[in-house]
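Data first, discussion second: the structure below is written as structure tokens.
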Amino acid sequence: MQVPAPLEYQRATTVDEAIDLLERLGSEARLVAGGHSLIPMMKLRLTDLEYVIDINDLHDVLGYIRVGVGEVRIGAMTRHRELLDSPELAALFPIFADAERVIADPVVRNRGTIGGSLCQADPSEDLTAVCTTLDASCVIRGSAGERVVSMEDFHRGPYETAVAQDEILTEIRIPVRPSGSSAYAKVERRAGDWAVTSAGAAVWMDGPTIVDARVGLAAVGPNTTGIPEISALLRGRAPTEELYAEAATIASSTCSPTTDNRGTAEYKRHLAGELTRRTLRQAVTRIEAGVAGDMKGQS
Amino acid sequence: MTTLDEGVAATTEDLETADNDQHPVGHGRMLRKEDPRFIRGMGTYVDDIQLRGMLHLAILRSPVAHATIVSIDVSAAQAHPKVKAVITGADLAEKGLAWMPTLSNDVQAVLATDKVRFQGQEVAFVVAEDRYSARDALELIDVEYDVLEPVVDVRRALAPDAPVIRTDLDGKADNHCFDWETGDEAATDAVFARADVVVTEDVVYPRVHPAPMETCGAVADYERVSGQLTLWTTSQAPHAHRTIYALVSGLPEHKIRVISPDIGGGFGNKVPIYPGYVCAIVASLVLNKPVKWVEDRTENLVSTGFARDYIMRGEIAATKEGKILAIRTHVLADHGAFNGTAAPVKYPAGFFGVFTGSYDLEAAYCSMTAVYTNKAPGGVAYACSFRITEAVYLVERMVDCLAYDLEMDPVALRRRNFIQPEQFPYTTKTGWVYDSGEYERALDLTLEMAGYDELRREQAEKRARGELMGIGLSFFTEAVGAGPRKDMDILGLGMADGCELRIHPTGKAVVRVSCMSQGQGHETTFAQIVAEEIGISPDDIQVVNGDTDQTPFGLGTYGSRSIPVSGAAAALVARKVRDKARIIASGMLEVSVVDLEWQKGSFMVKGDPGRSVTIQEIAMRAHGAGDLPQGVEGGLEAQICYNPENLTYPFGAYLCVVDIDPGTAVVTVRRFIAVDDCGTRINPMIIEGQVHGGLTDGVGMALMEMISFDENGTCLGGSLMDYLLPTALEVPHWETGHTVTPSPHHPIGAKGVGESATVGSPPAVVNAVVDALKPFGVRHADMPLTPSRVWDAMQGHPTPPI
Ligand SMILES: Cc1cc2nc3c(=O)[nH]c(=O)nc-3n(C[C@H](O)[C@H](O)[C@H](O)COP(=O)(O)OP(=O)(O)OC[C@H]3O[C@@H](n4cnc5c(N)ncnc54)[C@H](O)[C@@H]3O)c2cc1C
């Protein structure tokens, strides 16, 4: 049995209390949400924290998916499982269910949260790619108040985000635009494994023409910009296989993978392209089938 | 007494409708007697043992693969308020316990004294009041290492400038471990020289790990007054372990009791003696308290016995019509830092000699060079019956390479070269005597179940459309049940197994076996073996295993040896008891023994079925009042030690169908058809379970499992997120069938099945993947066939994993 180093445990029952504890306990304190990234690291003694502040009681206030006008708001404590099962997300952003089906396993999904996922900022983490694809923004709260940052500003690099030590991510906001759909695809070596490479695509159309499109990649280097060259290429064009192939070429060339046990950099580069092509095609197929949301458009 | 399962020689299994909840008095389907406790979470594993005053031990391991130990400062750890002792290699050296023998007669450091030789090697241990404190105190030990260049690349281990790892061995100037050869080199060379076709391929079987769900551990309890040491431990071979502890420690053997409680999977991982066990014993001796050591997952993956790690140059010679003439191979074997291979002494490469496969050859030759590297030691019988997995993988891959070059159907090529039924017993060119086989019958059943011709048609259509579908066949012959005393021993201990059977007065029974279940269902199977012979219901027969004070001597469970050796012992001891029962029955029925007829469960007077006595009545009589026939002692029990005259040779035909996504190179195993022949089938449900597990294991090795190292010798497979084990999602619905070809020399004709599927499945999967890649001109690609590595092959550069 792997056992963590000695630590103190605190339980926060309100967001303000969590922030207060973070301020008081200082740099050796860390929030624990689902615990599926933090606790394994503690057991392997890869972290040197002294206090954990359990925010699972905040699920009541931060566990939600709210559809508003032009925007969907997801509370940071919303669990993978809730994202997977949400009919609202399925209707608006099928990319979530696509991704959640291949994130970890049911045990992890029952506890892991979207907030924990984004804050962990693992380079292979899938929800950052999803949120990038959807042009989401993040609500961060500290004792001085709240600020809203784009994914590009939120994600500072591997394991690094805009959330300061004494701040908490409370909400993810995703703009809803008409006639859009999305898709996600991942290649893994085994069910439950982290991505070798994954790609998400979101497309918005006006009749036969693409109005806007975004692509987000995971596990192939920092890609939190939605790959503007791809967006620029696709805007105003009619979707064709040739166009997807061009987008794929851009995805392959703009990513910066490294060789590891999951695969060679060359292969990951190839996958970035291949999965970009597939998810763009899938998103368009969904729009054309009139099923932004449910899984009927899946091939 | 041989009863064929379902009475049919070649059968497709229908597991959906099979009724497993039967109550045979003997062989047949029945639920496992041990399962009520396992599925209720009521098993007792080593880590469940709690003793009064028990302390906890944790091991400090080397963070680097090769380094001189400059100094170790334990003072801060000793000052931890809950720490009772901190022991280093130097402390053990004072007691002469710093080194211990391995199962291959090498030595291994219990705690490093001079150098560390692999990352994860044991350097010191802490004993504390609880496991948390023990673990915390490890961080207070300060070790200064002088890092040396490691030997990681096995191909460079013998380079003249390679650093010498085993400086502990007198005069050792290189990393050479041993050379070994088998077969006739000159004869093989001659056949190769005149062959029409010779195919050469380098085939790597990467290092993998048994990765049992339960890691290794021990609780040692030394009782100072009586001088008695009790060791609860994760051991697949409790008797062999006890003898070795006695020889090494000097404690008298009768004062050592080794108990293996329930074991959560072994796969060979629990055959060796690990430094941790010895540390627990030493700690208990030093502190006079019970001491528990249970390793964590990383420790298990990084430091305990690995499997495989063979680089094989395969060569196969044939006529252009496809008659295979000879196989030749040179193997470079990576044995890690210490040679800890679990294999009989005369077989340093295990049973790799069966690399001639299921084919009738004119010649065969293998030479092997084994080397030391800065990696964990091992080379276990990991569900591989002593390296047969490597051997079968080599020959089945080479036959497919030959089929590729000859442009022949791999089924036809195999069929043409099979050893024929009338050739058994068949002596191979490397000297193995295959006991019995009817290979075509198994192959035909597999092809019929698979719909082979239809699959090939489908493949042709798909290929025309650019889709990638592959069909892979493997045919294997296993050699299990080590083994005859004249040939086989481990560290001087003969590989015969004892067995004791006692019938209680009321006709219930206890059978004590020397082998040790790790989940294979021995409590059920052995009760059924005895039941079949003596006519007492399996429910009324208790099987005792895993306690040296409660069971007769024997060498334990690995290499599929339980049924071939201990199973034979159980059948024979039951027959011995039955012989005695017959004499008592003759007295009870007042007839001569020759006038008695045995009908499962009772003796009857021939021609007078009304006059009979049951085994239960005989048991009561044996223990009861009144005279027994002249010269017969009371009681109804017997004991034997069974020395097998030969190994047994199970076989099977496996066929795998894969699809590969041409865009991502992801392999999906769509179908897997497995026909096994393990001779007489005792409990078909248990056999099927063993086969399912082994097939899953094979898919894992073929597609994802590998213990790899970085250039510093750091193990990259230290967690189950890095060392991937297959899940239900990676494997198809298994389609199984069987044929029955009993072993002629085993008392009930059974051959053993624990490892068949692990041996047979990897080549089937790899052959299927390579077949799917045929349009790319790929003849061979090495495991693990991860998407990235398959994609490499599709780009025309299949790459060895090491
Ligand atoms: C076996 C396994 C497989 C996995 N596979 C995948 C996969 O394929 N794809 C994938 O994307 N992920 C995968 N994960 C990661 C999983 O999704 C994580 O659980 C999740 O990403 C982190 O969420 P959590 O709620 O568990 O975070 P925690 O572990 O609780 O926290 C992670 C970090 O975020 C911080 N944090 C948490 N919540 C907040 C907040 N609201 N505000 C500020 N900081 C916060 C914590 O302090 C900590 O530093 C896997 C995990 C496991 C164990």
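Given the options B:525, B:506, name the one that is crowded, with 24+ Cβ neighbours inside 10 Å and among the hydroxyl-bearing types (Ser, Thr, Tyr). Walk me through how you get there before you give the answer.
Numbers: B:506 fails: crowded, with 24+ Cβ neighbours inside 10 Å.
So the residue among B:525, B:506 that is crowded, with 24+ Cβ neighbours inside 10 Å and among the hydroxyl-bearing types (Ser, Thr, Tyr) is B:525.
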Sole residue being on the phi > 0 side of the Ramachandran plot and in contact with a helix residue (DSSP H, G or I) (Cβ under 6 Å, 6 or more places away or on another chain), chosen from B:41, B:26, B:53: B:26
Subset tally (residues that are under 27 Å from residue A:137 (Cβ atoms), of a type outside the set (Lys, Arg), in contact with a strand residue (DSSP E or B) (Cβ under 8 Å, 6 or more places away or on another chain) and more than 16 Å from the ligand (Cβ to nearest atom)) for the range A:206-238: 11
Residue list for the range A:203-220, filter: surrounded by fewer than 17 Cβ atoms within 10 Å (Cβ to Cβ) and of a type in the set (Gly, Ala, Ser): A:207
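Just checking, does the range A:202-217 include any residue being of a type in the set (Phe, Trp, Tyr) and within 14 Å of another protein chain (Cβ to nearest Cβ)? Spell out the reasoning first.
The first filter runs over the range A:202-217 and keeps only residues of a type in the set (Phe, Trp, Tyr), leaving A:204.
If we keep only those that are within 14 Å of another protein chain (Cβ to nearest Cβ) as well, we get none.
No, the conditions are met nowhere in the range A:202-217.
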Search result, residues across the range A:249-274 that are hydrophobic (A, V, I, L, M, F, W, C), within 12 Å of another protein chain (Cβ to nearest Cβ) and buried (at least 23 other Cβ atoms within 10 Å of the Cβ): A:271, A:272
Count of residues meeting criterion [outside any strand (DSSP E or B) and loosely packed, with under 13 Cβ neighbours inside 10 Å] in the range A:160-176: 1
Verdict on residue B:565 being within 27 Å of the chain's Cα centre (by Cα) and assigned to a strand (DSSP E or B): no
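Output the number of residues of the range B:205-225 satisfying the condition of being buried (at least 20 other Cβ atoms within 10 Å of the Cβ) and assigned to a strand (DSSP E or B).
First, pick out the residues of the range B:205-225 that are buried (at least 20 other Cβ atoms within 10 Å of the Cβ): B:205-212, B:214-222.
Cutting the leftovers down to assigned to a strand (DSSP E or B) gives us B:205-208, B:217-222.
So the count comes out to 10.
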The lone exception for residue B:193 - which of (1) of a type in the set (A, V, I, L, M, F, W, C); (2) more than 20 Å from residue B:96 (Cβ to Cβ); (3) crowded, with 17+ Cβ neighbours inside 10 Å it fails: (3)
Conditions (1) within 14 Å of another protein chain (Cβ to nearest Cβ); (2) of a type in the set (Ser, Thr, Tyr); (3) out of contact with any Lys or Arg (no Cβ under 8 Å at 6 or more places or on another chain); (4) surrounded by fewer than 24 Cβ atoms within 10 Å (Cβ to Cβ): number failed by residue A:244: (3)
Residues being in a helix (DSSP H, G or I), within 14 Å of chain A (Cβ to nearest Cβ) and not β-branched (Val, Ile, Thr) - total across the range B:752-793: 6
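In the range B:46-97, how many residues are charged (D, E, K, R), closer than 30 Å to residue B:547 by Cβ and outside any strand (DSSP E or B)? Steps first, please.
Just the residues of the range B:46-97 that are charged (D, E, K, R), to begin with: B:47-48, B:52, B:61, B:73, B:82, B:84, B:91, B:94-95.
The next check asks that each one be closer than 30 Å to residue B:547 by Cβ; those that pass are B:47-48, B:52, B:84, B:95.
If we keep only those that are outside any strand (DSSP E or B) as well, we get B:47-48, B:52, B:95.
Going through the range B:46-97 one residue at a time, the tally reaches 4.
One line per residue, one yes/no per condition, for (1) within 18 Å of the chain's Cα centre (by Cα); (2) farther than 26 Å from residue B:517 by Cβ; (3) in a strand (DSSP E or B):
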| position | (1), (2), (3) |
| --- | --- |
| B:646 | no, no, no |
| B:664 | no, yes, no |
| B:690 | yes, no, no |
| B:719 | no, yes, no |
The range B:709-734: number of residues that are more than 15 Å from the ligand (Cβ to nearest atom) and more than 8 Å from every other protein chain (Cβ to nearest Cβ): 13
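For the range B:391-417, enumerate the residues that are acidic (Asp, Glu) and either touching a Lys or Arg at 6+ places or on another chain (Cβ under 6 Å) or in a loop (DSSP other than H, G, I, E, B) (or both).
Going through the range B:391-417, the residues acidic (Asp, Glu) turn out to be B:396, B:400, B:405, B:407, B:409.
Correct list: B:407, B:409.
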Search result, residues across the range A:114-145 that are touching a residue at least 40 places away in the same chain (Cβ under 8 Å), of a type in the set (S, T, N, Q) and closer than 13 Å to residue A:175 by Cα: A:132, A:133
Test result for residue A:148, more than 14 Å from the ligand (Cβ to nearest atom), of a type in the set (Val, Ile, Thr), free of Cβ contacts under 8 Å to residues at least 40 places away in the same chain and not in a helix (DSSP H, G or I): yes
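What tally of residues in the range B:341-355 results from selecting those that are β-branched (Val, Ile, Thr) and assigned to a helix (DSSP H, G or I)? Show your work before the answer.
From the range B:341-355, those β-branched (Val, Ile, Thr) are B:341, B:345, B:354; that's our starting set.
After this cut, where a residue has to be assigned to a helix (DSSP H, G or I) as well, the list is B:354.
Here the count works out to 1.
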Single condition residue A:22 does not satisfy, out of (1) within 11 Å of the ligand (Cβ to nearest atom); (2) of a type outside the set (Gly, Ala, Ser); (3) in a helix (DSSP H, G or I); (4) within 24 Å of the chain's Cα centre (by Cα): (4)
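Can you name the residue in the range A:182-196 that is within 14 Å of the chain's Cα centre (by Cα) and crowded, with 23+ Cβ neighbours inside 10 Å and is also nearest to residue A:104 (Cα to Cα) among such residues?
In the first step, residues of the range A:182-196 are kept if they are within 14 Å of the chain's Cα centre (by Cα); the result is A:182-186, A:194-195.
Right, trim to crowded, with 23+ Cβ neighbours inside 10 Å and you get A:182-186, A:195.
Values: A:182: 21, A:183: 18, A:184: 15, A:185: 14, A:186: 12, A:195: 10 Å.
Taking the candidates together, the pick is A:195.
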In the range A:101-126, the residues that are more than 6 Å from the ligand (Cβ to nearest atom), more than 14 Å from chain B (Cβ to nearest Cβ) and touching a Ser or Thr at 6+ places or on another chain (Cβ under 8 Å): A:114, A:118, A:121
Given (1) outside any strand (DSSP E or B); (2) more than 8 Å from the ligand (Cβ to nearest atom); (3) more than 14 Å from every other protein chain (Cβ to nearest Cβ), index of the condition residue A:190 fails: (3)
Some residue of the range A:225-241 being in contact (Cβ under 8 Å) with a residue 12 or more places away in the chain, surrounded by 16 or more Cβ atoms within 10 Å (Cβ to Cβ), out of contact with any helix residue (DSSP H, G or I) (no Cβ under 9 Å at 6 or more places or on another chain) and away from every other protein chain (no Cβ under 12 Å): yes
Out of B:742, B:726, B:747, sole residue that is on the phi < 0 side of the Ramachandran plot, buried (at least 20 other Cβ atoms within 10 Å of the Cβ), in a loop (DSSP other than H, G, I, E, B) and free of Cβ contacts under 8 Å to residues at least 40 places away in the same chain: B:726
Where residue B:294 falls short, out of the listed (1) within 14 Å of another protein chain (Cβ to nearest Cβ); (2) in contact with an Asp or Glu (Cβ under 7 Å, 6 or more places away or on another chain); (3) under 22 Å from residue B:385 (Cα atoms): (3)
Single residue of B:706, B:701 found to be in contact (Cβ under 8 Å) with a residue 60 or more places away in the chain, out of contact with any Gly (no Cβ under 9 Å at 6 or more places or on another chain) and within 14 Å of chain A (Cβ to nearest Cβ): B:701
Selection count where residues are surrounded by 18 or more Cβ atoms within 10 Å (Cβ to Cβ) and in a loop (DSSP other than H, G, I, E, B), scope the range B:140-158: 7
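Read-outs throughout are calculated quantities, based only on the coordinates presented, and are distinct from any laboratory measurement. All of these numbers come straight from a predicted model, not from anything done at the bench. Every residue, glycine as well, gets a Cβ built from its backbone with ideal geometry; the counts of neighbours run over all protein chains shown.
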